[in-house]
Amino acid sequence: MNYLEDKINTTSERKKDHIDLCLNESVVFNNKTNGFDKYHFDHFAATEIDYNEIDLSSKFFGKKITYPFLISCMTGGTDEANAINANLAVIANEIGIPIGVGSQRQALENSSFHKSYKVIRQNAKSVPVLGNIGAAQISELNHNDSIKFLIDLVEADAMVIHLNAAQEVVQEKGEPNFKGLLKKINKLTKEISIPLIVKEVGAGINKKSAKLLLDNGIRGIDVAGAGGTSWTAVEFKRNNSPNENELWNWGLPTTYCIKEVNKLKKKYYFTLIASGGITNGFEIAKALILGADITASARPILISVVNNGIEKTINEIHYMFENVKKVMYLNGASNIKELKKCRLIKTEDIY
Ligand SMILES: Cc1cc2nc3c(=O)[nH]c(=O)nc-3n(C[C@H](O)[C@H](O)[C@H](O)COP(=O)(O)O)c2cc1C
């Protein structure tokens, strides 16, 4: 097998493994929550809202969306991704919410699986689509033509760079070398015409990292905090590691990241995306109150679409937002802007 074939197989097979493991194995944090359980809504008995007039719509980089929620970047670059991405795109388009594609790294290696990425825009014509590439690839690129190619491939409205240091450092044949990343990001923000977003993959983004990213021109930050899918766990399962270690639960809980990164809103204008273990409307509402502009979810949506199909997954997302609506009513908020002004109470301040 020559080098190129080896690389083709490696990336594509890894993508298949990731889907399989996320669907069939327990790859979640096992001694850390995303933090939402530590907060309570400040029930507002004197609500004067008409429940039926509550508006759940929001905006994402200027475009109106049905709910402040997006389907996180997941897959592409393998045969299994064709149907999954097509179905996820139908869901996003039908509801009217943004959708991300999985890492487009494989699309730079050859054209065998370009279809698995393109299928997203083909099925999601009227909602924002987010392209995706890893920090390791950004660091090794010498010019930005490849990124422009990836943007065109999915007709992206925004490009996402994922920071996955913890995953790279435990991954067999990982690429834990992000040298020069910030400079490359800075250059990229100046050379592309769409917003650049940075996300983690489940270990969270702290205030210091967020500030560095914003200073280098990033316009959106998805904290992708700890408490949901653990990508070190995925890699441990992939390696068949006999011993799990502390890195299984590595990362900053989602709520902590939202609160910390939100402090930067005083100085910077950016979109704050909250994800990492979000599974229901109550967590979504809490994330928005803590400072998020929009929320996101990955593995729970993948599991639902594969196990339950398109219609049920659409209904599950609508159901999450029925609960957001009820929370809004009980907090006296008639739209998302007003919800974001509500407050949460920490457990220790109640009991
Ligand atoms: C099957 C699968 C593949 C993923 N691949 C990518 C990827 O290629 N790029 C990326 O930025 N994030 C990727 N993620 C990470 C998610 O976008 C998300 O940040 C992470 O899983 C935490 O969210 P969750 O707890 O809702 O799953 C993937 C997630 C899943 C479940």
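The values are calculated or read from the model by the stated rules, or taken from the named source; none is laboratory data. All values derive from a computational prediction rather than experimental measurement. Note that we place each Cβ from the backbone using ideal geometry, even for glycine, and neighbour counts take in every protein chain shown.
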* Asked: On the given criteria, is residue 82 within 15 Å of the ligand (Cβ to nearest atom), within 18 Å of the chain's Cα centre (by Cα) and either surrounded by fewer than 16 Cβ atoms within 10 Å (Cβ to Cβ) or in contact (Cβ under 8 Å) with a residue 12 or more places away in the chain (or both)?
  -> no
* **Restricting segment 305-346 to residues that are out of contact with any strand residue (DSSP E or B) (no Cβ under 7 Å at 6 or more places or on another chain) and polar (S, T, N, Q), the residue that is nearest to residue 258 (Cα to Cα)** => 323
* Scanning for something away from the ligand (no atom under 13 Å from the Cβ) and in a helix (DSSP H, G or I), does segment 128-138 turn up at least one residue? -> no
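Matching residues to (1) farther than 30 Å from residue 251 by Cα; (2) touching a helix residue (DSSP H, G or I) at 6+ places or on another chain (Cβ under 6 Å):
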position: 33; (1), (2): no, no
position: 49; (1), (2): yes, yes
position: 96; (1), (2): yes, no
position: 124; (1), (2): yes, yes
* Can you tell me how many residues in segment 40-97 are hydroxyl-bearing (Ser, Thr, Tyr) and over 17 Å from residue 127 (Cα atoms)? -> 4
* To do: Say whether the condition of being of a type in the set (Asp, Glu) and either modelled with pLDDT under 95 or within 13 Å of the ligand (Cβ to nearest atom) (or both) is met by at least one residue in segment 36-56.
  => yes
* Please note which helices (runs of 4 or more DSSP H) are completely contained in segment 256-351 and include at least 1 residues that are among the hydroxyl-bearing types (Ser, Thr, Tyr). => 299-331
* Asked: What number of residues within segment 26-57 are within 22 Å of residue 257 (Cα to Cα) and touching a strand residue (DSSP E or B) at 6+ places or on another chain (Cβ under 7 Å)?
  -> 12
* Asked: Which residues, counting only those in segment 262-305, are more than 13 Å from the ligand (Cβ to nearest atom), under 21 Å from residue 195 (Cα atoms) and either touching a Phe, Trp or Tyr at 6+ places or on another chain (Cβ under 9 Å) or modelled with pLDDT under 95 (or both)?
  -> 264, 271, 293, 294
* Asked: Looking at (1) part of a helix (DSSP H, G or I); (2) polar (S, T, N, Q); (3) free of Cβ contacts under 8 Å to residues at least 12 places away in the same chain, can you tell me which one residue 243 breaks?
  -> (1)
* Being within 18 Å of residue 224 (Cβ to Cβ) and either basic (Lys, Arg) or touching a Cys at 6+ places or on another chain (Cβ under 6 Å) (or both) narrows it down to one of 32, 38, 64, so name that one. => 32
* Structure fact -> For segment 139-192, the count of residues that are touching a residue at least 60 places away in the same chain (Cβ under 8 Å), among the polar types (S, T, N, Q) and part of a loop (DSSP other than H, G, I, E, B) equals 2
* Among the residues listed as 107, 45, the single one being over 18 Å from the mean Cα position of the chain (by Cα), surrounded by fewer than 15 Cβ atoms within 10 Å (Cβ to Cβ) and of a type in the set (A, V, I, L, M) -> 45
* Condition broken by residue 225, with the remaining ones in (1) within 30 Å of residue 32 (Cα to Cα); (2) touching a residue at least 60 places away in the same chain (Cβ under 8 Å); (3) surrounded by fewer than 24 Cβ atoms within 10 Å (Cβ to Cβ) satisfied -> (3)
